[in-house]
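The values are calculated or read from the model by the stated rules, or taken from the named source; none is laboratory data. Everything numeric here is computed off the predicted structure, so don't read it as measured data. For neighbour counting, all protein chains shown are included, and Cβ atoms are generated from backbone atoms with ideal geometry for every residue, glycine included.
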Amino acid sequence: MLRQYWWKLLSAVILVFVLIFGLKTPLKPGITEAFPLTAAIGETLTLKVTGYNTHFATAKDQTAYLKNGKDKVIKASSIVSDGEQKAEITFTLPSAQIKQRESLTLIMNNEVDGNIILPSALLLKESNNPTMTTVTWGPLEVNALHKVAGYKFPYRNILHETIRNTFFHVAIWFAMFILFIIGLVNSILYLVKKKLIYDNSAAAFTEVGILYGLVGLATGSMWAKFTWGAWWTDDIKLNMSAIAILIYLAYVILRRSIHDVDSKARLAAAYNIFSFLILIPLIFIIPRMTDSLHPGNGGNPALGGEDLDNNLRVIFYPAILGLTLLGVWLSSLSYRLSLLKDRWILNQ
């Protein structure tokens, strides 16, 4: 029994692993905001910083830097903590003129949190009467920075704790595509071999894939509410994904509206192939042709760098495998149910 159903047990074990470690693993320390947002050359600036999971009061050896686009830095003259997640950092900005406004990255480092980075933390602009200073840009001494070991997920300023939705929203879309492909192959096999087992298999895998797509839209909507401030936006990626799922929902309606078994199987197989061919441009091509808030489209990167580092991959790839196996399990149940219905109809 165990040898026959080992993959079902594996699916359950993987999903429990993803659920526990995906939710309990802490995020790395990060910076949520820094104020003010702009400063002029030559002035003395005090940045008020708010951290996340940070230990500004506990740490004994703290440093901070502002880094320009040329990988040069200036070091903070003082850091005063106001609790574990509040700090005031004082910088004396160089007086050298700049050709245009320059975006600076804030880097904080201590022995407890390690490196904490806030990209585009400060916009440096020209000054009509800059104060002359002796401060100049210099190289960042990487060897002097503290490095902290430990298994933690990356902190992303926009995502915060919702980065964990990667294991559910993104992974379930991957699993959905795998189920749709299996359904597509079975539809093609039916048209070639004319055997109803392929039609029933195609229906089972495709319908579970549609269920996954609906769950993917729901989890994406919750993610959008947190990161974009709305449950749904007029975004090309979101709209095209919703249209693709609606097209697939018509597959279910088509199968239930035709009573002749052979006609239903033939039309459903043709429509399933059509749906998959439409799915590809709707989700992968059209959104890339215009601007989009959704990661992976319109020049907005996804699944790379801090969005999916090695620590996240340890949970993300098993999540895809676990959800795919669960989808196959559900599809097998749906397939067996369809066989029971066919037998019941034949016995009437």
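Conditions tested, residue by residue: (1) modelled with pLDDT of 90 or more; (2) not in a loop (DSSP other than H, G, I, E, B).
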position: 91; (1), (2): yes, yes
position: 97; (1), (2): no, no
position: 104; (1), (2): yes, yes
position: 108; (1), (2): yes, yes
position: 120; (1), (2): yes, yes
position: 124; (1), (2): yes, yes
position: 129; (1), (2): no, no
position: 134; (1), (2): no, no
position: 143; (1), (2): no, yes
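The single condition from (1) closer than 21 Å to residue 178 by Cβ; (2) modelled with pLDDT under 90 that residue 329 fails is (2).
Among the residues of region 238-245, not a single one is over 21 Å from the mean Cα position of the chain (by Cα) and closer than 19 Å to residue 204 by Cβ. Screening 233, 206 for residues that are polar (S, T, N, Q), in contact with a helix residue (DSSP H, G or I) (Cβ under 7 Å, 6 or more places away or on another chain) and not in a helix (DSSP H, G or I) leaves exactly one candidate, 233. Being under 30 Å from residue 133 (Cβ atoms), assigned to a loop (DSSP other than H, G, I, E, B) and under 25 Å from the mean Cα position of the chain (by Cα) is the requirement here; does residue 54 meet it? Against the criterion (under 30 Å from residue 133 (Cβ atoms), assigned to a loop (DSSP other than H, G, I, E, B) and under 25 Å from the mean Cα position of the chain (by Cα)), residue 54 qualifies. Among the criteria (1) surrounded by fewer than 13 Cβ atoms within 10 Å (Cβ to Cβ); (2) touching a strand residue (DSSP E or B) at 6+ places or on another chain (Cβ under 6 Å), the one residue 128 does not fulfil is (2). Of all residue pairs spaced 6 or more apart or on separate chains, those with beta-carbon atoms under 7 Å, a first member in region 16-37 that is closer than 23 Å to residue 158 by Cβ and in contact (Cβ under 8 Å) with a residue 60 or more places away in the chain and a second member that is of a type outside the set (Gly, Ala, Ser) and loosely packed, with under 13 Cβ neighbours inside 10 Å are 25/151.
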